[in-house]
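The values are calculated or read from the model by the stated rules, or taken from the named source; none is laboratory data. Note that the coordinates shown come from a computational prediction; the quantities given were computed from them, not determined experimentally. Here Cβ is always computed from backbone atoms with ideal geometry, including for glycine, and neighbour counts include all displayed protein chains.
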Amino acid sequence: MEYEKATTSNRDRRAKFIELANKRVSRTLKDLGLIANLANKRNYDYDDEQVKKIIKALQAELDAVKHSFTSESSGRSTNFEL
């Protein structure tokens, strides 16, 4: 009986992970596409320093995500401002 609970709980946790991962990764990929749209010089004016700042922030967060999957600690920063 105890084993059944653990197995069911593990399946529920795995299913929840898959559900949330699918939603969150899809949303993030869409948002990255929207950020990429900012590169359109016909619609926006920006300088190289701003581009570097955006890329640095995105890369830092991606590195933090990679680290989260290989370590328990997370030193994430969720604030971004040009």
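Here are the numbers:
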item	result
Pairs, first under 14 Å from residue 28 (Cβ atoms) and outside the structural domain of residue 28 (by TED's automatic domain parsing) in the stretch 56-74, second modelled with pLDDT of 90 or more and not in a loop (DSSP other than H, G, I, E, B), C-beta under 9 Å, six or more apart	58/32; 58/35
Unmet criterion (only one of (1) outside any helix (DSSP H, G or I); (2) within 18 Å of residue 79 (Cα to Cα); (3) of a type outside the set (Ser, Thr, Tyr)) for residue 41	(2)
Any chance residue 27 is at pLDDT 95 or above and surrounded by 10 or more Cβ atoms within 10 Å (Cβ to Cβ)	yes
Check on residue 59, of a type in the set (S, T, N, Q), surrounded by 11 or more Cβ atoms within 10 Å (Cβ to Cβ) and part of a helix (DSSP H, G or I)	no
